[in-house]
Amino acid sequence: MVENSNAYRLVYSEGDLLPSVIVDRYGDYLVLQTLSQGAERLKPVLVDLLVDLLVEMFSPKGILERNDPRVRLLEGLEQRVGTLYGEVPEQVEVEQNGVTFVCELAKGQKTGGFLDQRENHQAARRYASGRVLDCFSYQGGFALTVADKCSQVEGVDFAATAVEAAQRNQERNSIRNATFREGNTFDVLKEYDEAGKRFQMIILDPPAFAKNRESVPAAQRGYKEINLRALKLLEPGGFLLTCSCSYHITEPLFLQIVAEAANDARDLWLSLSVEHSRRTILSF
């Protein structure tokens, strides 16, 4: 185990005018992705620049390439994971927003963690209170970051390995008011609705529902369903923090989907309220 502090994204691909190039910093180690033919050809140059330019700032001890995303196959590139510079340990311990996480850079999702969500993890703390449900929790990024603001936090993830990672991070930080369970989020939300459970905040950070343009209609239905189910579980005045990492679901379209889910949730609440009133009147 190697202990380090500070983990964040250094290069945000198109956001930094470097299409298909991602560089994440995990303490003393960098993880590089080159996801297109052009970026792949520049990889040796990128490695040299990272070592030479960052040596005074970070003194990187190693650079790992996580070029195993399937999108590389569409570019005619092989999937590859390996060390490009120095040495990189199997596990690295880093800190984000005051919480310590153990990351497996060569095996974990994305580059070992979701560093592009670091600011959103912090933002969630401003609204978190009471009971919080973190769906698709992975290694507990949202759940553990907001835990000290809440009475109880529950994380749900479909993968047993993700649940184990979240529990490991929970123990590392001695956080007592969080629990993690394995389960399908759609089923769990339905189960909790039927059981009458309610939350002050629900966090949705699912994997991409739309992998290509052809899957957009199905993705729209999936996003609407999951947001509708989550909205039904919120306490009055509660907060829904919802995310999409589907490139083919544009921001305006995603906002439209969430708005439609909110309208349906309101209509459902109104119909239930009317039905409850009728039953109350009849009971008298």
Test: residue in segment 105-118 that is closer than 16 Å to PHE199 by Cα, under 14 Å from the mean Cα position of the chain (by Cα) and charged (D, E, K, R): no
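What's the total number of residues in segment 121-151 that are assigned to a helix (DSSP H, G or I) and over 10 Å from the mean Cα position of the chain (by Cα)? I'd like the intermediate steps shown before the answer.
Pass one, segment 121-151, residues assigned to a helix (DSSP H, G or I): 121-125, 141-149.
This time we only want the ones that are over 10 Å from the mean Cα position of the chain (by Cα), so: 122-125, 143-149.
Counting residues in segment 121-151 that are assigned to a helix (DSSP H, G or I) and over 10 Å from the mean Cα position of the chain (by Cα) gives 11.
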Residue tally, condition under 14 Å from GLY141 (Cα atoms) and either hydrophobic (A, V, I, L, M, F, W, C) or assigned to a loop (DSSP other than H, G, I, E, B) (or both), over segment 89-109: 9
Residue selected from segment 55-71 under the condition out of contact with any Gly (no Cβ under 7 Å at 6 or more places or on another chain) and modelled with pLDDT of 95 or more, by the criterion most open to solvent (accessible area, probe 1.4 Å): ASP68
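From ASN120, ASN97, grab the single residue that is surrounded by fewer than 22 Cβ atoms within 10 Å (Cβ to Cβ) and closer than 19 Å to ILE226 by Cβ. Walk me through how you get there before you give the answer.
Values: ASN97 fails: closer than 19 Å to ILE226 by Cβ.
Exactly one residue qualifies, and that residue is ASN120.
Of LEU255, LEU241, LEU233, which residue is open to solvent by 40 Å² or more (accessible area, probe 1.4 Å), at pLDDT 90 or above and within 30 Å of CYS150 (Cβ to Cβ)? If you could, list the steps in order and put the result at the bottom.
Working: LEU241 fails: open to solvent by 40 Å² or more (accessible area, probe 1.4 Å); LEU233 fails: open to solvent by 40 Å² or more (accessible area, probe 1.4 Å).
Only one candidate qualifies: LEU255.
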Qualifying positions in segment 84-105 - more than 24 Å from LEU46 (Cα to Cα) and among the acidic types (Asp, Glu): GLU93, GLU95
Total residues in segment 126-159, condition open to solvent by 40 Å² or more (accessible area, probe 1.4 Å), closer than 22 Å to TYR192 by Cα and free of Cβ contacts under 8 Å to residues at least 40 places away in the same chain: 3
Failed item, numbered, when ASP52 is tested on (1) loosely packed, with under 15 Cβ neighbours inside 10 Å; (2) more than 19 Å from the chain's Cα centre (by Cα); (3) closer than 20 Å to ALA166 by Cα; (4) not aromatic (Phe, Trp, Tyr): (3)
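How many of the residues in segment 72-83 are open to solvent by 60 Å² or more (accessible area, probe 1.4 Å) and either touching a residue at least 60 places away in the same chain (Cβ under 8 Å) or among the hydrophobic types (A, V, I, L, M, F, W, C) (or both)?
Just the residues of segment 72-83 that are open to solvent by 60 Å² or more (accessible area, probe 1.4 Å), to begin with: 73-76, 78-81, 83.
Adding the requirement that they be either touching a residue at least 60 places away in the same chain (Cβ under 8 Å) or among the hydrophobic types (A, V, I, L, M, F, W, C) (or both) leaves 73-74, 81.
Count: 3.
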Residues being under 16 Å from the mean Cα position of the chain (by Cα) and open to solvent by 60 Å² or more (accessible area, probe 1.4 Å) - total across segment 197-230: 1
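Condition check ((1) free of Cβ contacts under 8 Å to residues at least 12 places away in the same chain; (2) of a type in the set (A, V, I, L, M, F, W, C); (3) over 27 Å from HIS248 (Cα atoms)) across all residues:
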{"residue": "THR161", "(1), (2), (3)": "yes, no, yes"}
{"residue": "GLU171", "(1), (2), (3)": "yes, no, yes"}
{"residue": "ARG176", "(1), (2), (3)": "yes, no, yes"}
{"residue": "ILE203", "(1), (2), (3)": "no, yes, no"}
{"residue": "GLU214", "(1), (2), (3)": "yes, no, no"}
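Does segment 157-178 include one or more residues that are of a type outside the set (D, E, K, R), at positive phi and touching a strand residue (DSSP E or B) at 6+ places or on another chain (Cβ under 8 Å)?
At the first step, the residues of segment 157-178 found to be of a type outside the set (D, E, K, R) are 158-163, 165-167, 169-170, 173-175, 177-178.
Those still in the list that are at positive phi too: 174.
Restricting the remaining residues to those that are touching a strand residue (DSSP E or B) at 6+ places or on another chain (Cβ under 8 Å) gives none.
Taking every residue of segment 157-178 in turn, none turns out to be of a type outside the set (D, E, K, R), at positive phi and touching a strand residue (DSSP E or B) at 6+ places or on another chain (Cβ under 8 Å).
Can we say ALA39 is modelled with pLDDT under 95 and open to solvent by less than 50 Å² (accessible area, probe 1.4 Å)? Don't jump to the end; show me each part of the working.
Values: modelled with pLDDT under 95: no; open to solvent by less than 50 Å² (accessible area, probe 1.4 Å): yes.
So ALA39 fails the test.
The values are calculated or read from the model by the stated rules, or taken from the named source; none is laboratory data. Note that the structure is a prediction, hence the values are computed from the model and not measured. Please note: Cβ atoms are built from the backbone with ideal geometry, for glycine as well, and neighbour counts cover all protein chains shown. We work out accessible area using only protein heavy atoms, side chains counted, and drop any ligands, DNA or RNA first. Shrake-Rupley method; radii C 1.70, N 1.55, O 1.52, S 1.80 Å.
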